[in-house]
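K.L.:
Handing you this structure, nothing more for now.
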Amino acid sequence: MVGLAREGDAGAFRSLYEAHVGRVYGLCVRLTGNEGEAEELTQDVFVRAWERLSTFRGDSAFSTWLYRLAVNQVLMARRGRWRRERRILLSSTAPEAPAPTPQWDNAMDLERAIATLPDRCRVVFVLHDIEGWPHADIAVEMGTAVGTCKAHLFRARRLLRKVLAP
Amino acid sequence: MNCAEVRDHLDPYIAGHIEQHQRVVIEEHLAECGECKVDLEAARSLRRVTASLPRSVVPRRSLWDGIESRLAMPPSRSRWSKWVLPIAAALATVALATATWYESPGTGSADAIPAEVQRLIAAYGEAANDLQSALRPDPLGGSTEPVAFTAALPTLETLDLAIAESRSALIRDPDNPALQHLLLSVHRKKVELLRQVATLDAGGEE
């Protein structure tokens, strides 16, 4: 199917879209916390995938290549915003107050809570705790240090505890 | 261990990926520190729920029509990317081969990379981020992408992969000067490429 799409077969590419759109949209909506933005980014991801199919050499699974492209697309769209927020981030590194242990029985509550996290905390939390990426890979994608990633993750978990505490 | 060190080890502790002597030290700390114990229980609860989240989420509407209308041209490489891609691919191949050569079963931390190398990596990373932010318009703003930057995207992706692999290798062997040189070289190539792209998109000649 990938080979056909690479030759310009839009029907084959649509089959790839149908097979992967849920996973790509899931990544985009969790990374952005915004359904409308995630829909636009999902479309951008598939258009970019179409444009770049010639660079996919089959060394990894197509899904791996596509999901990495999706993460890259979301992060590129947010880097400008992060740059503007850098000063604010540096001044907001005060430790979070301890929060009680919440009752995380409802996955939907957790989804909504993730959407309320600050941008970078949410990205690190989704990539590390949901997608299973190591801190070193996240740091490279975000253009930051591993220690900073760990700090974002710790803050994300603390904030989730506050939001979800009974 | 203090609280910060314990928190840093909570994930491998929960996953059972930790040396016995470290486990003992952490459990001694947890027995005395209520705050870290709450962190541990919260991390365990969170881990259970995140594991149950579906990876796939169905969008509210079909997105295909908006994609199909943008698939005007079959996938192809631009004239510009035809010459620059092999250069990046060759560089990435060297990086990947070298990273594999140096791969060892040990694990490490990025903190072990010498401070001067970390400083240079951060400086290159910041320069690349600044250039990329300046080159790429806000995708929600509806403006047209710069031609050279669009053509360079596959190359940049290849360089990013080479950076990730080189970095992983250096984390395993942080004092290895060849790996330090390799990682910094790939970072430098990325910044040089972005500068070239900026010149082209500003109206310079190819």
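The values are calculated or read from the model by the stated rules, or taken from the named source; none is laboratory data. All of these numbers come straight from a predicted model, not from anything done at the bench. Every residue, glycine as well, gets a Cβ built from its backbone with ideal geometry; the counts of neighbours run over all protein chains shown.
K.L.:
Examine the stretch A:72-88 for a residue that is at pLDDT below 90, of a type in the set (Phe, Trp, Tyr) and over 25 Å from B:LYS37 (Cβ atoms), and state whether such a residue exists.
P.N.:
So far as the stretch A:72-88 goes, yes, one or more of its residues are at pLDDT below 90, of a type in the set (Phe, Trp, Tyr) and over 25 Å from B:LYS37 (Cβ atoms).
K.L.:
Provide a single number: the residues in the stretch A:100-120 that are more than 8 Å from chain B (Cβ to nearest Cβ), modelled with pLDDT under 85 and surrounded by 14 or more Cβ atoms within 10 Å (Cβ to Cβ).
P.N.:
Looking only at that region, the number is 1.
K.L.:
Another question, if that's okay. Any residue at all in the stretch B:3-22 that is over 26 Å from the mean Cα position of the chain (by Cα), surrounded by 17 or more Cβ atoms within 10 Å (Cβ to Cβ), modelled with pLDDT of 90 or more and more than 15 Å from A:LEU153 (Cβ to Cβ)?
P.N.:
No: the stretch B:3-22 contains no residue that is over 26 Å from the mean Cα position of the chain (by Cα), surrounded by 17 or more Cβ atoms within 10 Å (Cβ to Cβ), modelled with pLDDT of 90 or more and more than 15 Å from A:LEU153 (Cβ to Cβ).
K.L.:
State whether the residues of the stretch B:131-151 include one that is of a type outside the set (S, T, N, Q) and either at pLDDT 80 or above or within 15 Å of the chain's Cα centre (by Cα) (or both).
P.N.:
no
K.L.:
Hey, another quick one. Name the residues in the stretch A:22-42 that are in contact with a helix residue (DSSP H, G or I) (Cβ under 7 Å, 6 or more places away or on another chain) and surrounded by 23 or more Cβ atoms within 10 Å (Cβ to Cβ), would you?
P.N.:
Residues satisfying the conditions are A:VAL24, A:TYR25, A:LEU27, A:CYS28, A:VAL29, A:ARG30, A:LEU31, A:ALA38, A:LEU41, A:THR42.
K.L.:
Same structure again: Scan the stretch B:31-55 for residues that are touching a residue at least 24 places away in the same chain (Cβ under 8 Å), charged (D, E, K, R) and either within 9 Å of another protein chain (Cβ to nearest Cβ) or more than 13 Å from A:ARG157 (Cα to Cα) (or both) and report the count.
P.N.:
Qualifying residue count for the region: 3.
K.L.:
Please specify each residue of the stretch A:50-66 satisfying the condition of being of a type in the set (Ser, Thr, Tyr) and assigned to a loop (DSSP other than H, G, I, E, B).
P.N.:
Across the stretch A:50-66, the qualifying residue is only A:SER60.
K.L.:
Kindly check whether there is at least one residue in the stretch A:148-166 that is of a type in the set (Phe, Trp, Tyr) and under 14 Å from the mean Cα position of the chain (by Cα).
P.N.:
Within the stretch A:148-166, not a single residue is of a type in the set (Phe, Trp, Tyr) and under 14 Å from the mean Cα position of the chain (by Cα).
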